[in-house]
């Protein structure tokens, strides 16, 4: 399953945006603290996931979301339960 996902830290309410072709594996890695950000901010809960046909498309969406650096945009995506088309 190729997807973009948003996690929320249960420690400090920060969001983590990522993409993967195996969400369950990646989610476990985040909660084990396999990177600096996740080690310092975990544990996490899944708050959003959206599937894509291929990982390249998912990565493009992930990078675009990260470029916004705006919490309100992320909160709107979570509330609306959809990422509108961001690539063009």
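Quick look at the numbers
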quantity	calculated
Within segment 17-38, considering residues that are part of a helix (DSSP H, G or I) and modelled with pLDDT under 95, the one surrounded by the most Cβ atoms within 10 Å (Cβ to Cβ)	38
Residues that are surrounded by fewer than 18 Cβ atoms within 10 Å (Cβ to Cβ) and within 16 Å of residue 78 (Cβ to Cβ), drawn from segment 1-14	10, 13, 14
Count - residues of segment 52-62 that are surrounded by 12 or more Cβ atoms within 10 Å (Cβ to Cβ) and either at pLDDT below 95 or in contact with a strand residue (DSSP E or B) (Cβ under 8 Å, 6 or more places away or on another chain) (or both)	7
Failed condition for residue 78, given (1) surrounded by 10 or more Cβ atoms within 10 Å (Cβ to Cβ); (2) at pLDDT below 95	(2)
Some residue of segment 62-75 being part of a strand (DSSP E or B) and touching a helix residue (DSSP H, G or I) at 6+ places or on another chain (Cβ under 9 Å)	no
Pairs where the first residue, in segment 66-80, is on the phi < 0 side of the Ramachandran plot and free of Cβ contacts under 8 Å to residues at least 40 places away in the same chain and the second is surrounded by 12 or more Cβ atoms within 10 Å (Cβ to Cβ) and in a helix (DSSP H, G or I), C-beta under 9 Å, 6+ apart	68/74; 73/65
Failed item, numbered, when residue 49 is tested on (1) farther than 22 Å from residue 82 by Cβ; (2) at pLDDT 95 or above; (3) touching a strand residue (DSSP E or B) at 6+ places or on another chain (Cβ under 8 Å); (4) surrounded by fewer than 18 Cβ atoms within 10 Å (Cβ to Cβ)	(1)
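The values are calculated or read from the model by the stated rules, or taken from the named source; none is laboratory data. Just so you know, these numbers come straight off a predicted model, no measurement behind them. Quick reminder, even Gly has a Cβ in these numbers, built from the backbone with ideal geometry, and neighbours come from all protein chains shown.
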